[in-house]
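Contents: one structure, followed by commentary.
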Amino acid sequence: MNEKTHFGFKEVDVNKKAEHVGDVFHSVAEEYDLMNDAMSFGMHRLWKKMLIELSELSEGSMALDIASGTADIPRLINKKFKSVSMHVTDINASMLALGKERAINENFFHNCNFALASGESLPYQDQTFDLVTVGFGLRNFTDKEKGLKEMKRVLKPDGVLLILEFSKPTNSFFSKVYDWYSFNIIPKLGSFLANDSKSYQYLAESIRMHPDQETLKNMVLDAGFDDCKFYNLVNGVVAIHQAK
Ligand SMILES: C[S@@+](CC[C@H](N)C(=O)[O-])C[C@H]1O[C@@H](n2cnc3c(N)ncnc32)[C@H](O)[C@@H]1O
C-alpha cells in the first residue's frame, strides 16, 4: 500500500500531496495578497516586518526565501538592505510568476534570482546563505524534516534560519474563538473574495495539522541546528522560529 500523509484533515498518498498543494496555490494565486490582508486584518505585514528584524542580515550578504509566493519577504529585505542578494524560490509556477512580476513592478528585481524549486530539495550548494527564510510555507511541505535539513545544509555555519508559520494559541478561550473564526469565517471570505472556499478550508485544516511551537522547535534541532528559539505573535496564532 502507498505511504500516506495528511493534506489538511484528509489522508492522501505521500507522492500526491505536492500536487494537491499545487492545485490550492494555482487556484488562489491571483487573489493571494488580498486574502492575506483580509484574513489577518493586515497583520501579516507586521509579522513579516518582525521577521526581518530577527534576520541579523548585513549589507552584501546572501539570503534565500523559500516558498516565497508573491515575494513579500524579499521585498521587505530589499527595503531594509539595498545590497543583499536574494534567491527567491517557490514550488509553484503561478506563485513564482507573481513574485517575479512584483519584483519588477516594485523595483527590487535587480537583487533577485528566481528559481522554481521545492524547499525539500534545494538547488544550491552547501553553506551558501547567511539567511534562509520560509514564510507560511513549511506547513505545506510533504516532508518537513527533509525541508529543515535542506535549510541547514544551504546555510553557512553562522547563518540564520527564520520560519514564520501559523502555530498554536496559548490561551484556551482565545483558541476556541480562533477555531470558530478559522472554520466559519475564513472559508466564507475565500468564497466571497477568491471564489474558492475549498482552498481556504484546506488552509484552516493545514494549520491545525501543523506542529505546535515546541514540536517544531525540536524538529529544527533534530535537523542539525544548535539553537532554536521562538517568538509567539498574537497569542501564538503565529510563531517565528529563529535557529542557528
Ligand atoms: C501561504 S503561501 C506563502 C507565501 C509567502 N511566503 C508569504 O508569506 O506570503 C505558501 C507558498 O508555499 C509554496 N509551497 C508549498 N509547498 C512548497 C514546497 N514543498 N516547497 C516550496 N514551496 C512550497 C506555495 O506554492 C505557496 O506559494
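Structural remarks
- Restricting the stretch 1-94 to chymotrypsin sites (Phe, Trp or Tyr not before Pro) in coil, as DSSP defines it, with at most 14 other Cβ within 10 Å: F9, F41
- Nearby lysines by direct alpha-carbon distance to K217 (threshold 22 angstrom, same-chain neighbours under 8 apart not counted): K48, K49, K144, K146, K149, K152, K156, K168, K229, K244
- Dividing the mean sequence gap of close Cα pairs (under 8 Å, 6+ apart) by how many residues the chain holds gives a relative contact order of 20 percent.
- Percentage relative contact order, the stretch 1-140, counting C-alpha pairs under 8 Å, at least six apart: 24 percent
- Additional length obtainable on full extension of the chain from S197 to E59, 0.36 nm per residue less Cα span: 45.5 nm
- Greater than 29 Å apart at Cα, pairs in K16/K188; K17/K79; K16/K79; K4/K198: K17/K79; K16/K79
- A full extension of the chain between I104 and K10 corresponds to an added length of 30.0 nm, given 0.36 nm per residue minus the alpha carbon distance.
- Label-point separation, K49 to E31 (7 Å along Cα→Cβ), nm: 2.8 nm
- Simple Cβ-charge dipole of the chain, Lys/Arg +1 and Asp/Glu -1, about Cα centre, in debye nearest 20: 340 debye
- Over 34 Å [Cα-Cα, the chain], rounded percent: 10 percent
Since every read-out is calculated from the coordinates, none of them should be taken as a lab result. Given the structure is predicted, the values throughout are model-derived calculations rather than measurements. Positions of Cβ are generated from backbone atoms using ideal geometry, with glycine treated the same way; all protein chains shown enter the neighbour counts.
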